[in-house]
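Written out below as C-alpha cells is the structure these notes cover.
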Amino acid sequence: MTGFVPPPYPYDRLAELTAIAGSLEGGAIDLSIGTPSDPPPQVVLDALATSDSERGYPASLGSLRYREAAAGWLAERFGVTADPRTQIGACLGTKELVVGLPRLLSLRTPELDTVLYPAVSYPSYAMGATLAGCRAVAVPVDEHWRLRLDDIHPSDARRALCLWVNSPGNPAGALDDLGAAAAWGRINGVLVCSDECYAEFTWDGPARTVLDAGAAAAHGGLLAVHSLSKRSNLAGVRAGFYAGDAELVHYLSEVRKHQGLMVPGPSQAAAIAAWGDDHHVQVQRDRYRRRLELLLEAFAEAGINVGMPEGGFYLWVAAPSGDAWAFARRLAEVTGVVGSPGEFYGDASPGYLRLAVVQPDDRIAVAAERIAAGMAA
Ligand SMILES: Cc1ncc(COP(=O)(O)O)c(C=O)c1O
C-alpha cells in the first residue's frame with residue numbers, strides 16, 4: 001500500500017500496562033486518558049432530555065442562542081467581546097475542528113502548506129496537518145514548556161497556514177504567553193489558533209484567552225477554540241465553539257455546512273445550560289486541584305519531585321530513570337495506575353509520564369497511598 005496508513009492510536013498501546021495494573025485489588029486506576037468521570041450538572045442533563053429538538057436538523061453554525069451563550073460565557077470569564085452573529089461558530093467538541101482545520105485552511109490558501117504547533121503537545125495538531133497533506137512543523141518549547149517563537153524558521157513562517165498554541169497546555173500544564181503568540185502572528189501574517197479547552201482549570205492567576213490580544217474587538221488573525229468536554233464533564237455530548245476573526249469564522253461555517261457538521265440539537269440545549277452555570281465548574285476546579293495536590297504529595301513522599309501544573313488536570317512526571325515506559329510499568333505493577341508516556345505528545349519529551357486526575361476521589365486516594373508507600377527508589 002502506498003497511501004496513508006493510520007498510525008497505531010496511542011492509547012491502544014497501553015493494553016499491556018492496563019492488564020498489569022488490572023491484576024491489583026480493585027483493578028486498574030486509569031489515569032492515561034483525559035476523559036472525565038465526574039457527573040455533569042443536573043440542569044444540563046435536564047436540558048439535554050427536554051429540548052424537543054430531535055426531529056429537525058440543527059443549524060451547523062449553532063443556533064443563535066447557542067452562540068449567544070458562548071459569547072456570554074466569553075464575556076463573563078475573560079471580559080472579551082465576540083459577536084455571536086459573526087464571530088462564533090459551533091463545533092462538535094474541539095477535536096474535529098482541530099484536526100479538520102488545516103484541510104479547510106489549505107483549500108482556502110493553497111499556496112501555503114505548513115502547520116506550526118508546540119513540540120510537546122496534544123497529537124491532533126500534527127495529525128490535522130498530516131490528514132490535510134500539509135507539513136507538520138513542531139515549534140521547540142523552552143524549559144517551562146512554552147513556545148520558542150524566535151526559533152520558528154522564517155521559511156516555515158512564510159509557508160504557515162496557522163500556528164497552534166495551547167494554554168493551559170496538554171500534557172505539561174504550562175501557561176503560554178498568548179499575547180506574544182498573537183503578536184508573532186500579526187508580525188508574520190500567520191493565523192494564530194488558540195486551543196483553550198482547559199482555561200477554567202487555570203491555577204496560576206486568572207483564566208486567559210488569545211482574544212484578549214486581538215486588535216480591539218475585531219480579533220483579526222485569531223481563532224480561539226473552546227469545549228465543554230472538560231469544563232462541564234460533557235465529553236460525550238460533543239459541544240464546543242470557535243471564535244474570533246469574522247472572515248475566517250464565516251468561511252469555516254460555510255464549508256462546515258457542506259460537510260454536514262452539526263452539533264445535535266439536544267447537545268446544543270445542554271451546552272446553553274452549561275455555559276450559563278458557573279457553580280459546577282467551581283466544584284470541579286476544587287476536585288481537580290485537590291487530586292493534583294494529593295498525588296504530588298504522594299510522589300514527594302516517595303522522593304519523586306513533581307511540580308504543580310500552572311493549569312489543566314495533568315501531572316507531568318519526569319521518570320526518575322529517564323525511561324518513561326519503564327517508569328509506567330513500575331507504576332502499573334506497584335500502584336495499579338496507568339499513565340501515558342511522553343512520546344505520545346511528540347519526540348521532545350520521551351522521559352516523561354502524563355497522569356490525568358480524572359478518576360473519582362476514592363480511586364485517587366488509593367493511588368496516592370500506594371505511590372507514597374511503594375514508589376520510593
Ligand atoms: C488540548 C486538547 N485540545 C482539544 C481536545 C479535544 O477535546 P474535545 O474534542 O472533547 O473538545 C483535548 C482532549 O483531550 C485536548 O486535550
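The values are calculated or read from the model by the stated rules, or taken from the named source; none is laboratory data. Predicted model, so just to flag it, every value in this text is computed and none were measured. As a convention, Cβ positions derive from the backbone with ideal geometry for all residues, glycine included, and neighbour counts pool all protein chains shown. Accessible surface areas use protein heavy atoms only, side chains included; no ligands, DNA or RNA. Shrake-Rupley method; radii C 1.70, N 1.55, O 1.52, S 1.80 Å.
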| Kirkwood Rh and Cα Rg combined as Rg over Rh, evaluated for segment 321-361 | 1.00
| Quick one: accessible area per residue over the chain, 1.4 Å probe, rounded to a whole number of Å²? | 42 Å²
| query | Which of A119, I152, A49 sits farthest toward the positive end of the charge dipole of the chain, with +1 on the Cβ of Lys and Arg and -1 on the Cβ of Asp and Glu? | reply | A49
| note | Per principal axis, largest first, the Cα atoms of segment 87-149 extend in Å by 34, 28, 22
| note | Over its alpha-carbon atoms, segment 156-255 yields an Rg and a Dmax in Å of 13.7, 39
| Carbon and sulfur: what percent of segment 75-141's accessible surface (1.4 Å probe)? | 53 percent
| query | Ratio of segment 204-245's C-alpha Rg to 2.2 N^0.38 Å, to two decimals? | reply | 1.37
| message | Considering all projection directions equally, how large on average is the shadow of the alpha-carbon convex hull of segment 1-79, in square nanometres? | response | 11.4 nm²
| query | Do the sum for the chain: with -39,500 (n - 2.57) for every DSSP H run of n ≥ 4, divided by all residues, what is the mean residue ellipticity at 222 nm, to the nearest 500 deg cm²/dmol? | reply | -12000 deg cm²/dmol
| Label-point separation (nm) for H144 and T50, each offset 7 Å from Cα along Cα-to-Cβ? | 4.7 nm
| field | Against the rule of thumb 2.2 N^0.38 Å, how large the Cα Rg of segment 111-217 comes out | value | 1.01
| Volume of the Cα convex hull of the chain, divided per residue and given in Å³ | 145 Å³
| field | Contour excess over end-to-end distance, with Cα ends at A365 and T130 and 0.36 nm allotted per residue | value | 80.6 nm
| Most mobile of G322, G312, G128 in a GNM of the chain (Cα contacts under 10 Å) | G322
| query | How long is the gain from D38 to R65 if the chain were fully straight, where each residue apart is worth 0.36 nm and the alpha carbon distance is subtracted? | reply | 7.1 nm
| remark: With P350 itself left out, Lys, Arg at +1 and Asp, Glu at -1 over residues whose Cβ is under 10 Å from its Cβ give -3
| message | I'd like the projected area of segment 239-359, averaged over all directions, using the convex hull of its alpha carbons. Report it in nm² with one decimal. | response | 11.0 nm²
| Quick one: Cα centre-to-centre distance for segment 62-80 and segment 303-344, in angstrom? | 37 Å
| task | Give me the percent of DSSP beta bridges within the chain that run antiparallel, rounded to the nearest 5. | result | 50 percent
| task | Within segment 24-68, find all residues whose amide N lies under 20 Å from a label point positioned 7 Å from the Cα of R290 along Cα-to-beta-carbon. | result | 29-31, 35-42
| Accessible area of T86, 1.4 Å probe, to the nearest 10 Å²? | 60 Å²
| Got the relative contact order for the chain handy, in percent, Cα pairs under 8 Å and 6 or more residues apart? | 25 percent
| field | segment 249-296 - Rg and Dmax from Cα coordinates, angstrom | value | 17.4, 48
| task | Mind jotting down a quarter of the surface of the convex hull over the alpha carbons of segment 34-131, in square nanometres, one decimal? | result | 9.3 nm²
